[in-house]
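What follows is a single structure, written as structure tokens, with notes after it.
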């Protein structure tokens, strides 16, 4: 059952990431990987909300937690793409853009998780 849930939630996370990343990137243009950054920050925020709320307020079977948190969010957040895009900017000597991208993604992700936890605590 756990493998099936990982597959189903992973597929849903992948499709959600693909749709949101493409939507944002199409609106912003190709000069900066804003689509990936938005997906990463939103994924971190939602992970904070869902994980905290599920662990403290709901009884969620372990296989469903694995499916949701590892399957969906593991497929939704795209830190592998983040690494690739950062390296590409560095290879093109776009130091400032790469630095801003790393700073905004990493610090923004940590802050988004904290805000997600705070929101879950208020629910």
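Here are a few things to note about the model shown:
- C-alpha long axis of helix 2-28 to longest principal axis of the chain, angle in °: 30 degrees
- Angle in degrees between helix 79-91 and the longest Cα principal axis of the chain, rounded to the nearest 10: 10 degrees
- To the nearest ten degrees, helix 34-57 and the longest principal axis of the Cα atoms of the chain are 20 degrees apart.
- Note on the chain: GNM, Cα springs under 10 Å; of 94, 85, 63, the largest mean-square fluctuation is that of 94.
- Each 10 Å bin, from zero up to the one with the longest distance, holds this percent of the alpha carbon pairs of segment 12-79: 22, 45, 23, 9, 1.
- Long-range tail of P(r) for segment 83-123 (Cα pairs > 11 Å, %): 65 percent
- A Gaussian network model of the chain, with springs between Cα atoms under 10 Å, assigns the largest mean-square fluctuation among 92, 56, 25 to 92.
- Across the chain, Cα pairs under 8 Å and at least six residues apart give a relative contact order of 42 percent.
- Treating each Cα of the chain as an identical point scatterer and summing with the Debye formula, the log10 of I(q)/I(0) at q = 0.09, 0.12, 0.21 Å⁻¹ comes to -0.28, -0.49, -1.16.
Bear in mind that the values in this text are calculations on the coordinates, not laboratory data. Being a predicted model, the structure only gives us computed values, none of them experimental.
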